[in-house]
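Notes for the one structure printed next.
The values are calculated or read from the model by the stated rules, or taken from the named source; none is laboratory data. Quick caveat: nothing in here was measured; it's all calculated off a predicted structure. Here the Cβ positions follow ideal geometry from the backbone for every residue, glycine too, while neighbour counts run over all protein chains shown. Surface accessibility is based on the protein's heavy atoms, side chains included, excluding ligands, DNA and RNA. Shrake-Rupley method; radii C 1.70, N 1.55, O 1.52, S 1.80 Å.
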Amino acid sequence: MIVEPKVRGFICTTAHPAGCRENVRRQIEYVKGQPKTPGAKNVLVIGSSTGYGLSSRIAAAYSCGASTVGVMFERPANGKRTASSGWYNTAAFEEFAHADGLYAKTINGDAFSREIKEQAIGLIRRDLGQVDMVVYSLASPRRTVADGTTYSSVLKTTDSDYTNKTIDLNTRKISEVTVTPATQQEIDDTVKVMGGEDWKDWIAALGSAGVLAGGATTVAYSYIGPELTYPMYTNGSIGKAKEHLFATSQEIAREFPGVSAYISVNKGLVTQSSAAIPIVPLYISILYRVMKDMGLHEGCIEQMYRMLHDRLLAKDVPTDERGMIRLDDWEMRKDVQDAVSAAWDKISDENLEQLADVAGYWEDFYQMFGFDIPGVDYSADVNTEVSVPSIGE
Ligand code: NAD
């Protein structure tokens, strides 16, 4: 089948198997070219198939030589429908890892459920004994809990309307958007989905099953960003969930002796999750332009390699005064943020291409789904029915 991108809003409903494979291969090559990072042997990555989780898994496998168990929620191909990009990424990752002699198995299903936690515990017990690192990188719009209730997260402010510039990525036009405040119920539900409750449930389940090694480390991801996105992000409904995630890191450290729990504040990047947040894509497009011009730009893999090598597995884990790992250190540099603010104030339809890297945004967007990747022949017939070697084991 010849696979073409089909973009609907901020999602692409098709994915290219050869492009996703190339994307994963390039990330692996990047890590292979960096100094090794000893310190993690058996790593569980929850949310392992795209974005920061996929890159965490690649960095752990190829920099630490770790065995990895991934948990994801992805769709295999079905007739004319391609699989999701996370499915193809994982098929490719396992194929490369196995060829390189690395253990890699994946569980596909709802990580919030008890059943998937039990499957992961069973697999770890059988194959690895214990894990010494747990990466929690879920990004989900909803969560169903044990009693069957489904909670949905919202991307809203928490106090009043907030109006600012945004970009329509399709027409490449700047417009104004007003984001309305969430109700208390919506805030509570967002915390339920994207806060730390499920992270702690995972640690408790792994701990009581005896598959969490003494001295294990766990990390979950957060974002802060600049003041201009505060009403939308840090002080918004998602920010409340991230506050809860941070509080959970402290609870885990308190309640599970010997376990070190960290929040890593990562850089704002184009992923399937961030594309959905109002205002943020314009900020990211400007940030890309500024950071690329300054030679400071990083993608998920550069960030996650740095997270393991220079932070989580470094001696005396470097953190800020609250104890958070800061991989947004370059994004938040004063010279970077001053340049972003100056561009933000004067950006318009006329100077958009000059002040914002919209092309770079779209390039990342398409590449997430395996399109627009140099070296891939998109006119070739590809088999879309790709299997993930370990699924169902
Ligand atoms: P992403 O959408 O690329 O990845 C989400 C992952 O979660 C995928 O592997 C998906 O399969 C998995 N997943 C979703 N729901 C699931 C479920 N119910 N069961 C099992 N797996 C499920 O997202 P991302 O942008 O890499 O985000 C990961 C984390 O990083 C989030 O906590 C996010 O807030 C944080 N973060 C993102 C950015 C950014 O700019 N993208 C910046 C800083 C921090």
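For the stretch 1-152, rounded, prolate or oblate, judged on the Cα gyration tensor with a ≥ b ≥ c (square roots of eigenvalues), a/c < 1.5 rounded, else prolate if a/b > b/c?
oblate
What does the net charge come to around Lys105 if you take all other residues with beta carbon closer than 11 Å to its beta carbon, with K and R at +1 and D and E at -1?
Surrounding charge for Lys105 is -2.
Using alpha-carbon positions, what is the distance between the centroids of the stretch 195-259 and the stretch 286-345, in Å?
Here the answer is 20 Å between Cα centres.
Is any helix in the chain, taking whole DSSP H runs, at least 24 angstrom long along its axis by alpha carbon and on average at least -1.0 on the Kyte-Doolittle scale, and which ones?
Those that clear 24 Å and a mean of -1.0 are 237-255.
Taking the chain, how much of its Cα-Cα pair set, in percent, is spaced more than 31 angstrom apart?
Value for the chain (Cα pairs over 31 Å): 35 percent.
Whose amide H sits under 5 Å from the amide H of Val382, counting only residues 5 or more places off or on another chain, with H placed in the peptide plane?
The list, which skips near neighbours in sequence, is Ile2, Val3.
Per 0.36 nm of contour for each residue apart, how much would the distance between Asp100 and Gln184 grow if the chain were fully extended, relative to their Cα-Cα spacing?
25.2 nm
Taking θ as phi - 60°, what are the ³J(HN,Hα) couplings along the stretch 266-273 by the Karplus curve (6.51, -1.76, 1.60), each to the nearest whole Hz, with x for Gly and Pro?
9, 6, x, 9, 6, 9, 4, 7
Could you give the dipole magnitude of the chain about its Cα centre, charging the beta-carbon of Lys and Arg +1 and that of Asp and Glu -1, in debye to the nearest 20?
Computed charge dipole of the chain: roughly 680 debye.
Considering only DSSP beta bridges whose two residues both sit in the stretch 7-368, what percent are antiparallel, to the nearest 5?
30 percent
Determine which lysines satisfy two conditions relative to Lys192: a Cα distance under 29 Å, and not lying fewer than 8 residues away in the same chain.
Qualifying lysines at Cα under 29 Å: Lys105, Lys117, Lys156, Lys200, Lys240, Lys242, Lys267.
Please report the carbon-and-sulfur percent of the accessible area for the chain; probe 1.4 Å, protein heavy atoms only, DNA, RNA and ligands left out.
With neighbouring chains kept in place, the figure for the chain is 49 percent.
If you take the beta carbon distance between Arg125 and Ser348 as r and set R0 to 41 Å, what does 1/(1 + (r/R0)^6) give as a FRET efficiency, to the nearest 0.05?
0.10
Using a probe radius of 1.4 Å on heavy atoms only, what accessible surface per residue do you get for the chain? Whole Å² is fine.
Heavy-atom SASA per residue in the chain reads 41 Å².
What full-extension length gain, to one decimal in nm, is calculated for Glu29 and Thr171 as 0.36 nm per residue of separation minus the Cα-Cα distance?
Length difference between fully extended and current span is 47.6 nm.
Under 5 Å between amide hydrogens, which residues at least 5 positions from Arg326 or on another chain qualify, with H placed 1.01 Å from N in the peptide plane?
Answer set, sorted by chain and number: Val265, Asp320.
Mind listing the long-range amide H neighbours of Val131? Cut-off is under 5 Å, sequence gap 5 or more, other chains count too, H placed in the peptide plane at 1.01 Å from N.
Under 5 Å from the amide H of Val131 lie the amide H atoms of Leu212, Ala213, each far enough along the sequence or on another chain.
I need the shape label for the stretch 282-393. Rule: rounded when a/c is under 1.5, else prolate if a/b > b/c, else oblate, with a, b, c from the alpha carbon gyration tensor.
oblate
Dipole of the stretch 1-148, Cα-centred, from +1 at each Lys and Arg C-beta and -1 at each Asp and Glu C-beta, to the nearest 20 debye?
Taking the Cα centre of the stretch 1-148 as origin, the dipole is about 220 debye.
Val145 to Val317: FRET efficiency via 1/(1 + (r/R0)^6), r the Cβ-Cβ distance, R0 41 Å, to the nearest 0.05?
0.80
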